[in-house]
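To start, the structure under review is shown below, and the notes come after it.
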Amino acid sequence: MTDAEYVNIWMRPERPARGPKPAYSRAQITEAAVRIADAEGLEAVTMRRIAAEIGAGAMSLYRYVPSRDDLIELMADRLMGEIDVAGLPSGDWRADLTCYADGMRAMWLRHPWIITVHRSLPSFGPNQLLLIERVMGALDAHVSIDENLGLMAILNGYIEGAVREEISWAEEVRRSGLSESEWMVRSSPRVHQLVKSGEYPIFTKIVMQARQPHLSRDDQFRYGLERVLDCIAAALPPTVEPPVAAHREGQEDRDD
């Protein structure tokens, strides 16, 4: 398909202006595709498989979704709609970005196949646009739009990197046939050998002193997220008072 022939899926009318009402909808097709991907992986999502799921003819579905790339766009935007951004921006930027980060992580963990989707270019679906407005709105009053884009890139980079590692680690453990604790026990002889050698002082510190590797996955994510939010706070103008500090000072005034 040439650039001249390409039409963004969100610009295509879902149904013709005239004629009978379509038997199916993009939403039905997208929901079926997500169910299949959740159960069997993204590679199992084909028009033939979706058609069997909803009781349609495979070729007929191309009238609703012209290509697999369009289908992936619909699926990805459908997942973005699971992230609850109601009430954002609230005026508390740190709480807003925490809410968004937790919601994004939870969505990825519910649909781990999303890590196999490579979407460098946005298609500007409705749920993605809602996230842009609500989440970037948390910082909009404090920084320029370019600074906002840069800070959001840092935040999204952390979320994606952390959750990809979490999903990949879970998959590695699953393939090993061991529980996470059993996998750690199996690795312990090599770890002890390295520590005893005295050749790797930083690695030894990690093994002997670090607390972070022993935190739960939730706490590990939150630990890293707080560091990222601290970096964002440092980039904001000094007149933007951290909500926690403001609350603390208000409490002290009432105590006095």
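The values are calculated or read from the model by the stated rules, or taken from the named source; none is laboratory data. Quantities reported herein were computed from a predicted structural model and do not represent experimental measurements. With ideal geometry, Cβ positions are generated from the backbone for all residues, glycine too; neighbour counts draw on all protein chains shown. Ligands, DNA and RNA are excluded from the accessible area calculation, which covers all protein heavy atoms including side chains. Shrake-Rupley method; radii C 1.70, N 1.55, O 1.52, S 1.80 Å.
Per the Cauchy relation, a quarter of the hull surface: what is the mean projected area of the convex hull of the alpha carbons in region 101-192, in nm²?
Details: hull surface 34.0 nm².
Result: 8.5 nm².
Kindly express, to the nearest 10 degrees and within the range 0 to 90, the angle between helix 145-176's C-alpha long axis and the longest C-alpha principal axis of the chain.
90 degrees
For region 125-209, with the dipole built from +1 on Lys and Arg beta-carbon atoms and -1 on Asp and Glu ones, taken about the Cα centre, which of Leu131, Ile154, Met184 lies farthest toward the positive end?
Selected residue: Met184.
Let me check I've understood the local charge: for Gly137, count other residues with C-beta under 13 angstrom from its C-beta, Lys and Arg +1, Asp and Glu -1. What total comes out? Could you put the intermediate results ahead of the total?
Numbers: positive: Arg134; negative: Asp92, Asp96, Glu133, Asp140.
So the surrounding residues net to -3.
Which of the peptides 208-216, 54-62 is most tightly packed, and how do the rest follow, going by the mean number of other Cβ atoms within 10 Å of each residue?
Working: 208-216: 9.0, 54-62: 13.3.
Ranking, from highest mean packing down: 54-62, 208-216.
At 1.4 Å probe radius, can you tell me the per residue accessible area of the chain in Å²? Don't skip to the answer; put the middle values down first.
Values: 15910 Å² over 256 residues.
Each residue of the chain exposes 62 Å² on average to a 1.4 Å probe.
If you project the alpha carbons of the chain onto their three principal axes, what span does each projection cover, largest first, in Å?
Here the Cα extents, ordered largest to smallest, are 71, 56, 37 Å.
Give me the net charge for the shell around Ser90: Cβ to Cβ below 12 angstrom, other residues only, Lys and Arg +1, Asp and Glu -1. Could the numbers behind the result be given before it?
Working: positive: Arg94, Arg134; negative: Asp92, Asp96.
Taking every other residue near Ser90 into account, the sum is 0.
May I ask for the longest run of the chain untouched by GluC sites (Glu not before Pro) that are loop-located per DSSP and have at most 15 neighbouring C-beta atoms (other than their own) within 10 Å? Intermediate results must be reported in sequence, preceding the final value.
Working: sites that count: Glu5, Glu14, Glu82, Glu199.
That gives 83-198 as the longest site-free run.
What's the carbon and sulfur percent of the chain's accessible surface, probe 1.4 angstrom, rounded to a whole number? Mind showing how you got there, number by number?
Details: 8900 of 15910 Å².
Carbon and sulfur: 56 percent of the exposed surface of the chain.
Quantify how much of the Cα-Cα distance distribution of region 140-238 extends past 15 Å, in percent. Display every interim value, and only then the final one.
Details: 3556 of 4851 pairs.
Across region 140-238, Cα pairs with separations above 15 Å total 73 percent.
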